[in-house]
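Student: Take a look at this one; I'll ask things after.
Bear in mind these aren't lab numbers, they're just calculated from the coordinates by the rules spelled out. Keep in mind it's a predicted model, so treat the numbers as computed, not measured. Neighbour counts run over all protein chains shown; Cβ positions are idealised from the backbone, glycine included.
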Amino acid sequence: MTGNTSRILESVSDTALLVAHHRAMESARPDALFHDPYAQRLAGDRGEEIASRLRWGKRMAWSTITRTVLIDEVVTRLVADGVDTVLNLAAGLDSRPYRLPLPPSLRWVEMDLPAMTVAKTELMKDEKPRCQVERISIDLASPAERARVLAEQSAKMRKALVISEGLLVYLNDAIVAELARDLHEAPPIQFWLCDIATPLIVKRMQRWWGKHMKAANTQMQFAPPNGTKFFEPIGWREREFHVLFDNSIRIGRPMPFAWIYNVQLKLFPNYTRKQAVKWHAGVALLERT
């Protein structure tokens, strides 16, 4: 996973190293909102290098930290309400089954590309998860592989939650729609937890990181102008939506220069509220219809 470090990003999997480093940054704080004792090991020196070399690589930690807190909260709540299986798509270097207070009976199934799956298995081989952890090597962009694995998993679960943290934005609309249909065809999957960006945010990120992502043969793509309504014709509706900006203030990890928004809100309230909608990225909990 190290590769030639002359380029900041070697593949889309390197973004998992960046996210793990952000979790390590938070865990090292005396007032940490969560403690991920595995994050530093998972991120390694490469994760810190990526965060240091990317424009705003460290300052963007606020969004990762907020997203982590939100997903932790929703997962814990849904598992307590009877979810018996979590399917974590493009699981990356997520350590939730090792650090969250989860019941031993819970099945946590991680799906990711073979290289990531092998690397993570090696890094976590001496650690004991809180629940039952399975890892499946899969190219989620392959319809045939998705259909096969989801059919196999559907027979093993009663009430399932899918997590696709940090995945959808790297797919195009057609593939996201295909994935949504595939998930809907598995009746035990009741909930889908995903993060959604807005077109303006993706445009901004492309300006900052686009050339590095292009060099890694990936790009940010999925940012539906109609938000979660994109999923309604495919059998999913919004049950909850947690805006990153609002929640970052709630948990005390605001976006850098967030104070500017408050000043604008006082001076130009109507205009500022209209503009804020264009930046309302967040974590969505979808439920099947």
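Student: Summing -39500 (n - 2.57) over the DSSP H runs of n ≥ 4 in the chain and dividing by its residue number, what mean residue ellipticity at 222 nm do you reach, to the nearest 500 deg cm²/dmol?
Tutor: Dividing the helical sum by the residues of the chain leaves -14000 deg cm²/dmol.
Student: Right, something else. Under the rule of at least 5 residues apart or a separate chain, name every residue whose amide H is placed under 5 Å from the amide H of Glu110.
Tutor: Amide H to amide H, under 5 Å and 5 or more residues apart or across chains, Glu110 pairs with Asn88, Glu134, Arg135, Ile136.
Student: Hey, another quick one. Taking Lys266 as the anchor, which lysines have their alpha carbon closer than 30 Å to its alpha carbon, excluding any fewer than eight residues away along the same chain?
Tutor: The reachable lysines, counting only those whose Cα sits under 30 Å from Lys266, are Lys58, Lys203, Lys274, Lys278.
Student: What's the FRET efficiency of Val118 with Asp72 using the Cβ-Cβ distance as r and R₀ = 22 Å, to the nearest 0.05?
Tutor: Computed FRET efficiency for Val118 and Asp72 comes out at 0.25.
Student: Now, a different point. Near Leu267, within a Cβ-to-Cβ distance under 15 Å, what is the net charge of the other residues, with Lys and Arg +1 and Asp and Glu -1?
Tutor: +3
Student: Let me ask another. About the Cα centre of the chain, what is the dipole size in debye to 20, counting +1 per Lys and Arg Cβ and -1 per Asp and Glu Cβ, all else neutral?
Tutor: Approximately 960 debye in magnitude.
Student: At 0.36 nm per residue, minus the direct Cα-Cα distance, what do Ile249 and Arg181 gain on full extension? Give it in nm, one decimal, please.
Tutor: So the chain would gain 21.0 nm between Ile249 and Arg181.
Student: Shifting gears a bit: Percent relative contact order of the range 1-110, based on C-alpha pairs within less than 8 angstrom and at least six residues apart?
Tutor: Normalised by residue count, the contact order of the range 1-110 is 26 percent.
Student: Continuing with the same structure: Just grab the label-to-label distance for Ser142 and His35, each label 7 Å out from Cα along the Cβ direction, in nm (one decimal).
Tutor: For Ser142 paired with His35, the spin-label model returns 4.1 nm.
Student: Within a Cβ distance under 15 Å of Ala144, other residues only, what is the Lys/Arg minus Asp/Glu net charge?
Tutor: -3
Student: Find which of Asn247, Met124, Ser95 sits farthest along the positive direction of the dipole of the range 80-288, computed with +1 on the beta-carbon of Lys and Arg, -1 on that of Asp and Glu, about the Cα centre.
Tutor: With unit charges placed on the Cβ atoms, the residue in question is Asn247.
Student: For the chain, which DSSP H helices look membrane-span-like by this rule: Cα extent along the axis of 24 Å or more and mean Kyte-Doolittle of at least -0.5?
Tutor: Membrane-span-like by this criterion, though nothing is claimed about a membrane: 61-80.
Student: Suppose R0 equals 35 Å. What FRET efficiency, 1/(1 + (r/R0)^6) with r the Cβ-Cβ distance, do Lys214 and Lys274 give to the nearest 0.05?
Tutor: 0.60
Student: Once amide H atoms are placed 1.01 Å from N in the peptide plane, what residues at a sequence separation of 5 or more from Glu240, or on another chain, have their amide H within under 5 Å of its amide H?
Tutor: Leu285
Student: Right, something else. For the pair Glu240/Thr289, report the inter-label distance in nm, with labels modelled 7 Å from Cα in the Cβ direction.
Tutor: 2.1
Student: Got the relative contact order for the chain handy, in percent, Cα pairs under 8 Å and 6 or more residues apart?
Tutor: 19
Student: Shifting gears a bit: Which whole-number percent is the relative contact order of the range 172-269 (Cα, under 8 Å, 6+ apart)?
Tutor: 29
Student: To continue, here is another question. Based on DSSP, what percent of beta bridges with both residues in the chain are antiparallel, to the nearest 5?
Tutor: Close to 40 percent.
Student: Related question: Can you tell me which of 173-185, 108-120 comes out highest on packing, and rank the rest after it, using the mean Cβ neighbours within 10 Å?
Tutor: So the peptides 173-185, 108-120, ranked by packing, come out 108-120, 173-185.
Student: Now a separate question. Amide H to amide H under 5 Å from Leu193: which residues, 5+ apart in sequence or cross-chain, H placed 1.01 Å off N in plane?
Tutor: Val162, Ile163, Ser164, Leu286
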